[in-house]
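A short write-up of the structure that comes next.
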Amino acid sequence: MPLGFSLPAGFTVAALVLGGLLGAILPTCLYAYVEPRGRRMWGRDGDTASTRRAPALVRLTAWLSFVVGQLAVALLAVPVVCGGLLYVQIRLGALAPLGLGLTALLGLTALVQAVAALRLVPFGVRLLARSADACARAGTRAARLGWVNAAVLGATVFLGWAFASGGLVRPVLRATLEWAALRPVGAFAAVGLIHALLLARCARAVAQK
């Protein structure tokens, strides 16, 4: 009888919570440094130094921009892995066009995602400082990011279904691509879509100020 091993559910949940808390340290520190310095730009008649700050939706969106930017650094591992897989396929003579194409496509997609997400860090800073340029472009940026992330998420769901049906690429390559590239790209697109939706609401809130 084959033996299996799985971690207890409580341990898995605790590890995820701990990882999330540790991952939020740097974005929160950056937010805590930038946000007080931008409060004077959100001044209104009759407010005080203690109540003068950006709307809650703006603050949440800016903080999430820092989180997504930090996640982009980890996502850069995907293009590296895909590059290694391309090298291995070429060295082994496994020159199936579909396998090579999917590997290159997932690596390129992750690289574009990471570069776009890294640009959200300075954008979040400008948003907290109520930069006229950032506030004016928030709606356009939200629409662009929303459509792109929705398309990437849909493509990864479809590709995951194609992988599950089998026969698309070799089993070893399929399993490696699924766990090392497809799932991270899809998860990042889902987070990016949530951020884009928040940014769209933030753009409307800023326009009313």
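The values are calculated or read from the model by the stated rules, or taken from the named source; none is laboratory data. Quick caveat: nothing in here was measured; it's all calculated off a predicted structure. Every residue, glycine among them, receives a Cβ derived from its backbone with ideal geometry; neighbour counts consider all protein chains shown.
Does ARG37 fit the bill of being over 23 Å from ALA142 (Cα atoms) and at pLDDT 80 or above?
Yes, satisfied.
Inspection of the range 93-108 identifies at least one residue that is closer than 30 Å to ALA203 by Cβ and part of a helix (DSSP H, G or I). When we screen VAL68, VAL81 for residues that are over 20 Å from GLY167 (Cα atoms), touching a Leu at 6+ places or on another chain (Cβ under 7 Å), of a type in the set (Val, Ile, Thr) and part of a helix (DSSP H, G or I), the only hit is VAL68. Scanning the range 1-32 for residues that are of a type outside the set (Gly, Ala, Ser), surrounded by fewer than 11 Cβ atoms within 10 Å (Cβ to Cβ) and either at pLDDT 90 or above or touching a helix residue (DSSP H, G or I) at 6+ places or on another chain (Cβ under 7 Å) (or both) turns up just one, ILE25. Restricting attention to the range 111-157, and to residues there that are crowded, with 16+ Cβ neighbours inside 10 Å and β-branched (Val, Ile, Thr), which single residue is nearest to GLY69 (Cα to Cα)? If we take residues in the range 111-157 being crowded, with 16+ Cβ neighbours inside 10 Å and β-branched (Val, Ile, Thr), then VAL121 is nearest to GLY69 (Cα to Cα).
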